[in-house]
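Undergrad: Sharing a structure, written as structure tokens. Questions coming.
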Amino acid sequence: MPVGLYEPRWFMHTYHMDPGEAVKAALEMRAKVIIPQQWGVFDLTDEPMDLPPRDYRKAAQAAGLGEQEAALVRHGETWYFPSRNNPKPRILKQPGRGD
């Protein structure tokens, strides 16, 4: 779900969802997993580049979603969906990031 480029709301609400709206839309679609996108790449709007993932995490937690349902996949990371061999979804960290 797109979670970036949303401030100022009076102008951007027509074009982009904010993180809370993205979580709400995913829940309405009955998504099993939400993965945020379109954040932290281009500084085009008024919100700080690191605000969308923080707002997304808050919105997901407020909706009762954990990391398994509302992953926060950062730039350069890979999300692996559950399979028979790996029943838990997981994130592969980008080599050399140290976090």
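Undergrad: Starting from the exponent 0.38 and prefactor 2.2 Å, build the expected Rg for the stretch 1-58 from its residue count and divide its actual Cα Rg by it.
TA: 1.05
Undergrad: If you count, for each residue, the other Cβ atoms within 10 Å and average over each peptide, how do 30-39, 52-61, 17-26, 72-81 line up from highest to lowest?
TA: 17-26, 52-61, 30-39, 72-81
Undergrad: With the crude spin-label approximation of a point 7 Å out along Cα→Cβ, what separation in nm comes out for Met49 versus Ile91?
TA: Rounded to a tenth, the inter-label distance reads 1.8 nm.
Throughout, read-outs are computed from the coordinates displayed, never taken from laboratory work. If you're wondering where the values come from, they're calculated on a predicted model, not measured in any experiment. Note that each Cβ is placed from the backbone with ideal geometry, even for glycine, and that neighbours are counted across all protein chains shown.
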